[in-house]
Structures are given as structure tokens and as C-alpha cells.
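No lab work stands behind these numbers, since they all come straight from the coordinates. As the structure is a computational prediction, the values presented were derived from the model and not from experiment. With ideal geometry, Cβ positions are generated from the backbone for all residues, glycine too; neighbour counts draw on all protein chains shown.
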Amino acid sequence: MRNTHQPISTRRFQATLVVLLIWVVVSLLHWRPETRWFMVGLTAVFSIQTIRMLMAKPAAPVITRLAEPPKVSILVPAKNESAVLSALVYNLYQLDYPSDRLDIWIIDDGSTDATPEILRQLQTQFPTLQVYSRESQGGKSGALNAVFPHTQGEIILICDADALLPGNFLQQTVPLFQKPSIGAVQVRKAIINADINFLTRCQQMEMCCDSFLQTHRLAIGGMSELRGNGMLVRRDILEKCQGWNENTITDDLDLCFRIYLAGAEIEFLPTTSIQEEGVNNWKNLWFQRRRWAEGGYQRYLDYFPQIFTLGWVKEIDLILFFLLQFLLPIGLVPDLLWTIFYRDTPVLLPLQTILSIILTVAFMAGLYQYQNLRRLSLIWATIQGSIYMVHWIPVMIVTTFKMCVQSRRSPWVKTEHMGCNNTNNKGLSNG
């Protein structure tokens, strides 16, 4: 596996080269009409892939009872998490899993608030709770790498400090590792404070949409993705991947590619969920999505061309989502300029149409399946979710151009947690 500790100048060059190539291709499609046959062919291939994905019938993962449960290490990176840590630790000690097979670690990642004191109090209540304290360095990946050698579990569960898990979480997820090809499992995520405002409601809708897409991508042999919170990874796969990449700001998305390149698969489990806080204002959403956009895009640069050696089925799936999620927003800029100044027809309209269809179907099906919305409520929620998702376009455009000019790596910035889970424990279900 290629070393991903690339200098910032290399990434800056790669990002700039991609932007220039996209602008050249879009300009060529406008300038030479005969080249639009390329767009026709691309649209045809992606339309077939989209139809296959949206019409797929995912099979529910088979969960069998374990004769001898493997040891599970639960890792929780915590930097200034005094508002949420107590609720999470109480929650973890209520999991329906043999206590002698659990190895629970909280990593105090250089906290400057009341986190250290709270952890000392929690250790008096839960003597088996293990705390690893360190000076913050390397972000979340650095915290996980620091504690990993001290853990004992065959399966590693990573949770964010604001998480809440149903009691049967491990009973539902750990048995999936009986299939030798499975290297990691991601569960469906839900927003615990979804009823606060428009943004948190839309983030809950987004999670439903994501769950639909994950299961349907897997159903046609495509790729699944880890989401950081509520992801389980086999120890031997983590060792093969050499732990978490500290040279990225999205450890989960980076690890996805490393797991696939290690020859393992990622399973997605929609029948159980982990709850977390959604950000409740536009400023925090902007910074969170900027981080997701940069880390998600950066991994394609870091693992190119390795990631396009996984077989044509996964490659088509990968290219479809890379193009629609990361490259299309960049291409909209020159496409708009040509359309305005030369009164030409937008050449990227077919790809925009495919993306709109995918999102509309995924929102409607996801909300129908996971939030039980029907009729007008379902239509109205889909409209709101579609409007909300437009934010990704300016996020991706700004992030891409920032990557072309930045002179140093972006720091890992955590999302602030307010402690919504302390008042919503009763809302946690096993579904």
C-alpha cells in the first residue's frame, strides 16, 4: 500500500491539475460540439449504473448467534467532551455483551475543560473503564493510533463522544465478522437532536438517504463507506492497514480505501443505528462539510491509481460517485461561464439530471423506510432535503480551490458537542 504521507506541495499540484483538466474538458465540450458524443456515452453508462443501483433489492445481512463472542475494544477519542462523556460511558456499560469480553477505552486527547475530572469520577463508578491521556497531536487518527497497541479486542469499535448505542448493538454487528471477507462494518446513523431546527431535521433526512445508497451500492457489488461513528473494524485488517492515517482530516473515509486495498469488504447494517448530535447552525455545518469535502476528495488523490484496481464493478461505482460528488461541482463553474458569456447549452446537464434522480429517489426511499413518512409528508421532506443538499456545491467549489493554493495541511477540527444526548436517552431504540 502506497505511503500516503505526501507533502502538501504534491497534493496542491494534484488538486490544481485536476481543476485544470476539468476546465479543459468542459471547455472542449462547449467549443467542439462533436466532442459531446463523449458526454452521451458517459451519460449512457452512468444511467445504466444508476438504474441498476436504484432498482436493486438489497438482502438483509444474516445475523447468527455467536457460540463464543470475540473480545471487542471500544475506542472513544475525547477532546473537551465534558458535555457528553458521562452519558456515553453509562450507555456503553449497558450494552448486552459479556463484560469480560469488553475492553472500553476513552482517549483524553489533550482536553482543557472538565473532561479529565469527569473521567476520574467515571473510573470510580466503572473500575474497568480505561483512560489513555495524551497531548493532542495528529487529530482523531493520532488518538486512535496512540491507544491501539494497548487494546486487546479482535474487533475494534470506534464511537464519537456524543454517541448513543442501543443495548443490542454488539449482538447485531459483531456476528457479521463470521464471514471471512468482512473487514469492517458500518451501521446506520441517526440524529439525536433532529427536532431542533431545519438543519438538524435535514441532517436526519441525509442519514436516511445515505443508508439507502449504501445498501443499494452494495447490492450491485459496489463499495460501502465508513462514517466514523459506529464503525467496527477487524484488528488484523487494521494492522494490515498500519492503523489510521494521521495525514488526513477524515480518518474514516481514508480507512475505507485502505480496507478495500487490503482485500477486505465493508458491510453496511441498516437494521440498527447509532445516534449522534447534528450541528444546529450554518456556520458549524459549513466547517464540518468543508472538512468532509477535503478529506473525501483528498483520498482519491492519495490512492490514485491504486483504488482503480479493484475490479470493474467497484470501479464503475467508484467513478460514478467520484464524478457526481466531487468533480461535477467543480465543472459547474466553467459550464456556467460558457453558458452565460456564449449563450451555449450547459453540457453537464445530463450528469446533473442523473445526480438529481439519485438524490430524489434515495431521499424518498430512505425517508419511507427509516422514518416511516408517507404521502404529502414524504414529498415535503424530500423537497426540503433536496434544497438542503445544494449546500454541497459551494462547499466543494471553495474546498477544491483552497486545496489548490493552501501552503500547509488543514488541521483536524472536531465538531463541538452540546450534550443533547443527556436529555434524549429515552428516545434510543434498538431499531
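The angle between the Cα long axis of helix 328-342 and the main principal axis of the chain comes to about 30°, on a 0 to 90 degree scale. Relative to the longest principal axis of the Cα atoms of the chain, the long axis of helix 312-322 lies at roughly 80 degrees. Once the chain from Gln306 to Asp236 is taken as fully extended at 0.36 nm per residue, the excess over their C-alpha distance is 23.1 nm.
Charged side chains reduced to their Cβ positions (Lys and Arg at +1, Asp and Glu at -1) give region 282-431 a dipole of some 540 debye around its Cα centre.
At 25 °C and 0.890 mPa s, grab the translational diffusion coefficient of region 211-353 from Stokes-Einstein with a Kirkwood Rh over Cα pairs, rounded to a whole number in µm² per second.
142
Modelled this way, with points 7 Å down the Cα-to-C-beta line, the labels at Trp282 and Trp380 are 2.3 nm from one another. Full extension of the chain segment joining Tyr93 with Trp31 gains 15.9 nm, where the gain is 0.36 nm per residue of separation less the Cα-Cα distance.
Per-residue 3J(HN,Hα) values for region 204-220, derived from phi via the Karplus relation 6.51 cos²θ - 1.76 cosθ + 1.60 with θ = phi - 60°, read 5, 4, 4, 5, 5, 4, 4, 4, 4, 5, 4, 5, 7, 5, 5, 5, 10 Hz in sequence order (x marks Gly and Pro). For Ser133, the residues whose modelled amide H falls within less than 5 Å of its own, excluding neighbours fewer than 5 places apart on the same chain, are Asp108.
Taking amide H atoms as placed 1.01 Å from N in the peptide plane, the amide H of Tyr97 has no partner under 5 Å among residues 5 or more positions away or on other chains. Remark: Asp103, Asp108 ranked as Asp103, Asp108, counting other beta-carbon atoms within 10 Å and listing the fewest first. Quote the FRET efficiency, to the nearest 0.05, computed for Gln125 versus Met418 with a Förster distance R0 of 30 Å and r equal to the Cβ-Cβ distance. E between Gln125 and Met418, to the nearest 0.05, is 0.80. For region 263-281 versus region 68-134, the spacing of their alpha-carbon centroids is 20 Å. Using R0 = 41 Å, the C-beta based FRET efficiency linking Ile220 and Val24 works out to 0.80. Hydrodynamic estimate: the Kirkwood radius of the chain over Cα pairs, inserted into Stokes-Einstein at 37 °C and 0.692 mPa s, corresponds to D of 145 µm²/s. The order of the peptides 52-58, 338-344, 22-28, 143-149 by mean Cβ neighbours within 10 Å, most packed first, is 143-149, 22-28, 52-58, 338-344. Explain nothing, just compute: Karplus ³J(HN,Hα) = 6.51 cos²θ - 1.76 cosθ + 1.60, θ = phi - 60°, for every residue of region 238-244 in order, whole Hz, x for Gly and Pro. In residue order, the calculated couplings are 4, 5, 5, 7, 6, x, 8 Hz.
Between Tyr97, Ile357, Leu170, the Cα set farthest toward the positive side of the dipole of the chain (charges on each charged residue's Cβ, about the Cα centre) is that of Ile357. Quick one: Cα centre-to-centre distance for region 353-392 and region 156-173, in angstrom? That distance is 27 Å.
Of the residues Pro7, Ile158, Asn247, the one whose Cα sits farthest towards the positive end of the charge dipole of the chain is Pro7 (charges of +1 on Lys and Arg Cβ, -1 on Asp and Glu Cβ, taken about the Cα centre). Dipole size of the chain about its Cα centre, with +1 on Lys/Arg Cβ and -1 on Asp/Glu Cβ: approximately 900 debye, rounded to the nearest 20. Note: relative contact order over the chain, using C-alpha pairs below 8 Å and six or more positions apart, is 24 percent.
Under the rule of -39500 (n - 2.57) per DSSP H run of 4 or more residues, summed and divided by the residues of the chain, what mean residue ellipticity at 222 nm is obtained, to the nearest 500 deg cm²/dmol?
Here the helix-only value at 222 nm equals -16000 deg cm²/dmol.
Taking the C-alpha atoms only, the angle from helix 8-31 to the longest principal axis of the chain is near 40 degrees. The 3J(HN,Hα) values that the Karplus relation (6.51, -1.76, 1.60; θ = phi - 60°) gives for region 69-75 are, in residue order, x, x, 6, 10, 9, 9, 10 Hz. Gly and Pro appear as x.
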